[in-house]
Structure formats: C-alpha cells, structure tokens
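Please treat every number below as a calculation from the coordinates, not as lab data. Quick caveat, the model's predicted, so the values are computed rather than measured. Every residue, glycine among them, receives a Cβ derived from its backbone with ideal geometry; neighbour counts consider all protein chains shown.
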Amino acid sequence: MERRSNGRPVADKAHGGDAYRKATELLARRPHFEREIRRKLEARGFDTEDIEATVERLLALKYLDDLECTRGFIRSKLRRSPLGRRRLRADLFRRGASPEALEEALGEDWLESDADLAHRAAGQWRARGGHEEASLMRYLDRRGFTKGDILTAVGELRNADSSP
C-alpha cells in the first residue's frame, strides 16, 4: 500500500478515497439521506467522480438507506412532538429524503393517523396552558395538520371541556 510522508495511506481513488472517509465520518454521527451526503461532499469540494464512487460504495454496503433513514427521522420527530404528515413531508424533503422513501414511510401502518396525532398535539397544547381556540388552530396548522383534522381536534377538546 502506498503511503504519504506522514505515514497515512494514499486515498484509494477507485472507491472515492477521502470522500468516502468524510462520508463515513458524517454517517458515524447520524444517518443521512443519499442526497444529503452528496450535497455535503460537494460543499467540501470533492469531485463528481469521487462522490459517485463513494455513494455507490455506501449504497452497496447498506450504509445509505433512504427508507430506513426516513423511518428513523419520523420516529425521532414524533417522539418529541406530534406532527402532521404535511409537516413531516416538508421537513423530510428539505433534509433530502427521496420522494419514494418519503411516500412509502408516511404510508406505513405503524404511523398513527393524522387525526390521532392532532388530538394528541391539542392535548399537549392544553396541558401547557393553552386556552384560546384560534391559537390552538394556528398551532396545529404550523404542526402540519389538515384543516379537517384541526377542526376535529378542536371540537374534541371543546367537548371534553364542556362535559362534567
């Protein structure tokens, strides 16, 4: 193996070399989407050939998997706070999830319905001291829920408040 004067091995150009090393460093911190890795490597000045070789190798080794990364992102977000599919879709797209992985993950059975998530979000909002319906509606809208789910959650909260 060819070595530099400092004793470190020379990058293996056939597999992306330094680009591959940088990508694995990024992936060691947290999962990334394929598009996200490409963007980060481009921003660091790696050439297209090295980026392509790196991404191909990472995909072959299953270090990059947009569907699993999408599922993990959704689980992480929903653990912290309920969000609607509209918001999740926008956040995931902005991060770099592939449209196919995004749609598949958002359609899976393990994911609660938006109506249930909106109900849970409304309950959390109320528990933090929220009282004004208009404020709740704006909050749920920012969380990515549809108007129908928002109206249902507000109505359920109103009914819970008026029952003995």
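Quick notes on this one:
- Note on K22, K77, K62: ascending count of other Cβ atoms within 10 Å places them as K62, K77, K22, the fewest first.
- Kirkwood estimate for the chain, i.e. one over the average of 1/r between Cα atoms, Å: 18.5 Å
- Phi to ³J(HN,Hα) by Karplus 6.51 cos²θ - 1.76 cosθ + 1.60 over the stretch 140-156, Hz, x for Gly, Pro: 5, 5, 5, 7, x, 8, 6, 4, x, 5, 5, 4, 5, 5, 5, x, 5
- Relative contact order, percent, the stretch 114-162 [alpha-carbon distance under 8 Å, six or more residues apart]: 51 percent
- When only Cα pairs below 8 angstrom with a gap of at least 6 residues are kept, the chain shows a relative contact order of 20 percent.
- Ranking of D65, D109 by count of other Cβ atoms within 10 Å, fewest first: D109, D65
- Listed values for the stretch 97-109 are Karplus-derived 3J(HN,Hα) couplings in whole Hz (6.51 cos²θ - 1.76 cosθ + 1.60, θ = phi - 60°), namely 5, 6, x, 5, 5, 4, 5, 5, 5, 6, x, 6, 5, and x replaces Gly and Pro.
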